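Below is one structure, written out as structure tokens; the observations come after it.
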Amino acid sequence: MKENIVKNKSFEFAIRVVKLYQFLCDHKKEFVLSKQLLRSGTSVGAMVREAEHAETKKDFIHKMAIAQKEINETMYWLELLQQTQYLNNEQFESVNNDALEIIKLITSIIKTSKTNIKNNH
């Protein structure tokens with residue numbers, strides 16, 4: 001079976017988000033923004049997993065679009081945490097670069113899937 005890069009990267013990203021959440025709670029005593037980050041950051045991989053077993057190609061695209069929205073929201077919380085000094089620039093850049101890579105992958109998958117649907121009709 002072919003390696004599912006977006007599945008693997010989104011799962012690894014979720015692990016990073018959980019660890020970042022723990023860091024923010026334990027060391028920065030930040031509980032509100034970090035909870036939002038935890039929710040959206042772990043949801044990306046969950047939606048990618050759901051898309052794996054989509055009933056139709058349109059259902060697959062819909063689930064991937066939700067994953068795209070979740071990673072975009074995660075990037076918002078990361079930016080907010082950086083701008084409010086809960087994350088330094090190095091911490092932010094490290095995790096945000098992973099998020100950028102994932103959003104590019106998901107966007108590409110959605111575009112390709114839409115093109116494939118158009119070409120098959």
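The values are calculated or read from the model by the stated rules, or taken from the named source; none is laboratory data. In this text, all values refer to a predicted model and were calculated from it rather than measured experimentally. Neighbour counts are summed over all protein chains in view; Cβ atoms, including those assigned to glycine, are modelled from backbone coordinates with ideal geometry. Heavy atoms of the whole protein, side chains included, go into the accessibility calculation; ligands, DNA and RNA do not. Shrake-Rupley method; radii C 1.70, N 1.55, O 1.52, S 1.80 Å.
Within the range 76-99, track down each residue that is open to solvent by less than 60 Å² (accessible area, probe 1.4 Å) and either of a type in the set (D, E) or part of a helix (DSSP H, G or I) (or both).
Once the filter is applied, which keeps residues that are open to solvent by less than 60 Å² (accessible area, probe 1.4 Å) and either of a type in the set (D, E) or part of a helix (DSSP H, G or I) (or both), the range 76-99 yields W77, L78, L80, L81, Q82, F92, S94, V95, N96, D98, A99.
Quick grid of which residues meet (1) within 17 Å of T112 (Cα to Cα); (2) more than 9 Å from the chain's Cα centre (by Cα); (3) surrounded by 16 or more Cβ atoms within 10 Å (Cβ to Cβ):
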residue: N8; (1), (2), (3): no, yes, no
residue: K35; (1), (2), (3): no, yes, no
residue: L38; (1), (2), (3): no, yes, yes
residue: G45; (1), (2), (3): no, no, yes
residue: Q68; (1), (2), (3): yes, no, yes
residue: T74; (1), (2), (3): no, no, yes
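From the set of residues in the range 1-47 that are assigned to a loop (DSSP other than H, G, I, E, B) and not aromatic (F, W, Y), which is nearest to A65 (Cα to Cα)?
Checking each candidate, the answer is N4.
Working carefully through the options I109, I102, find the one that is closer than 19 Å to K19 by Cβ and not in a loop (DSSP other than H, G, I, E, B).
The match here is I102.
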